[in-house]
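So the structure is just underneath, and the comments pick up after that.
The values are calculated or read from the model by the stated rules, or taken from the named source; none is laboratory data. These numbers come from a predicted model, not from an experiment. Every residue, glycine as well, gets a Cβ built from its backbone with ideal geometry; the counts of neighbours run over all protein chains shown. Surface areas here come from the heavy atoms of the whole protein model, side chains and all, with no ligands, DNA or RNA. Shrake-Rupley method; radii C 1.70, N 1.55, O 1.52, S 1.80 Å.
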Amino acid sequence: MIDFSVPDDLAALRDRVRGFVAERIVPFERDPRLTAHGPTDELRAEMVELARSEKLLTVQAPVEFGGLGLSHVEQAVVYEAAGWSTLGPVAMNCAAPDEGNMFLLGKVAGPEQADRYLMPMIRGEQRSVFAMTEPDGAGSDPGQLSTEAVFDGENFVINGRKWLITGADGAKTWIIMARLAENPHLPAGPTLFLTDGDTEGIVIERIMNTMDRNYVGGHAVVRFENLTLPPTAVLGRTGQALRYAQLRLAPARLTHCMRWLGAAERAQHIALDYARTRTAFGKPIGEHEGVSFMLADNEVALHQCRLTIWHSCWLMDRGQQARHESSMAKSYVSEELFKVADRCVQVLGGIGISDETVVEMLFRDMRAFRLYDGPTEVHKYAIGRHLLRE
């Protein structure tokens, strides 16, 4: 049977995280260093030091790397608390894309690669990117990968163009997906490469203007111009990138859901406070059926989303891949939490579309969340295919 109880030590950690985010991190939401392209590296560094001082930095890392070695279910509880502010996961070093990249490197990177790229990330000293998405190629369908790597027997030379590369500006650790061309030396096909962000041949063309602003460095258009890398830059084995990407994606889908559940809770909290105090037609607006029903629908959605996340995490903690369940969770949770944010805007009325509260920002960010790690339609397509096979 699934046990829905939260152990005392985990509840204490959850409450400590929630208190830290509410008291120490929420004030930064008005900081000018939270820009249209996300928090600056300076702001991130300041918040990371606060988390470090509270021993709340990178708590998800394995124990041998200095973390708490949280299970997937334990992460769900802690990340929800961290998500009370979109800056909470940034401060605690458990935000995307770094959290997913750390997970991947922890599974696939060799010892030297881990020392050079993973450990500085775990310590909060540097950020990372996962460069896969392309304007005319890979995206929801990574099989359309067009960025090419050519191996001449000594080095790999990579050419191609990527976009929507989260956090590229200022990131030190780069994971690049490219299609290795046929060659007599190594298996061809989609391959992951690991390198430094200042390597010659990586060109950041521009930072894209997007509706969300919760990721450090925003989202960039990147070009690879004869990016030359040694054989030691291969992450894992050549031709295996799609398998490694799936290894990363199932947990990453869920951690997105965990963090945004916390943000949606915050929006509901703000809407509830407003509904208790704002009056119209002789009584608080929360006592009007139209408003109370919206708040009730939100509470039901938050509860169902939490259970959906916990179930998928429980399956993964039992050793299952849970690809089908994580797809269901991502599609359901992203849609429902967006509805929660939308109803909160409606309850708040005029101030809901202003920056008088963070709900307006959360609403925009929630809209983007519906596309992160695959849009709803792609997940439903995968769910449908699974059902037909069954």
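Evaluating ASN209 against the criteria (1) open to solvent by 30 Å² or more (accessible area, probe 1.4 Å); (2) free of Cβ contacts under 8 Å to residues at least 40 places away in the same chain; (3) not basic (Lys, Arg) leaves one unmet condition, (2). Scanning the stretch 315-333 for residues that are without any contact (Cβ under 8 Å) to a residue 40 or more places away in the chain and open to solvent by 20 Å² or more (accessible area, probe 1.4 Å) gives ARG318, GLY319, GLN320, GLU325, TYR332.
Conditions tested, residue by residue: (1) within 22 Å of ALA96 (Cα to Cα); (2) touching a residue at least 24 places away in the same chain (Cβ under 8 Å); (3) assigned to a loop (DSSP other than H, G, I, E, B).
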| site | (1), (2), (3) |
| --- | --- |
| ARG253 | yes, yes, no |
| ALA264 | yes, yes, no |
| VAL291 | no, yes, no |
| HIS303 | no, no, no |
| CYS313 | yes, yes, no |
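Residues of the stretch 347-368 include none that is open to solvent by 20 Å² or more (accessible area, probe 1.4 Å), under 30 Å from ALA245 (Cα atoms) and in a loop (DSSP other than H, G, I, E, B). On the stretch given as the stretch 192-212, residues that are in contact with a helix residue (DSSP H, G or I) (Cβ under 8 Å, 6 or more places away or on another chain) and in a strand (DSSP E or B) total 4. When the stretch 155-179 is filtered for residues that are over 24 Å from GLY218 (Cα atoms) and touching a residue at least 40 places away in the same chain (Cβ under 8 Å), the ones remaining, listed by number, are ASN155, PHE156, VAL157.
Residues are listed down the side, and each one gets a yes or a no for (1) open to solvent by 10 Å² or more (accessible area, probe 1.4 Å); (2) under 30 Å from ARG30 (Cβ atoms):
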site	(1), (2)
ILE122	yes, yes
PHE130	yes, no
ILE158	no, no
ILE165	no, yes
ARG179	yes, no
VAL203	yes, no
TYR215	yes, yes
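Report yes if ASN159 is more than 25 Å from ASN214 (Cβ to Cβ) and touching a Pro at 6+ places or on another chain (Cβ under 7 Å), otherwise no. In short, no. Looking at the stretch 279-288, can you tell me whether even one residue there is aliphatic (A, V, I, L, M), over 22 Å from VAL358 (Cα atoms) and either open to solvent by less than 80 Å² (accessible area, probe 1.4 Å) or in contact with a Lys or Arg (Cβ under 9 Å, 6 or more places away or on another chain) (or both)? Yes: one or more hits. If you take the residues of the stretch 158-191 that are more than 27 Å from the chain's Cα centre (by Cα) and assigned to a loop (DSSP other than H, G, I, E, B), which of them is farthest from ILE202 (Cα to Cα)? Here the residue is PRO184. Is at least one residue of the stretch 269-289 in a helix (DSSP H, G or I) and under 24 Å from the mean Cα position of the chain (by Cα)? Among the residues of the stretch 269-289, at least one is in a helix (DSSP H, G or I) and under 24 Å from the mean Cα position of the chain (by Cα), which makes the answer yes. Within the stretch 71-101, the residues that satisfy the criterion of being surrounded by fewer than 24 Cβ atoms within 10 Å (Cβ to Cβ), assigned to a loop (DSSP other than H, G, I, E, B) and of a type in the set (A, V, I, L, M, F, W, C) are TRP84, ALA96.
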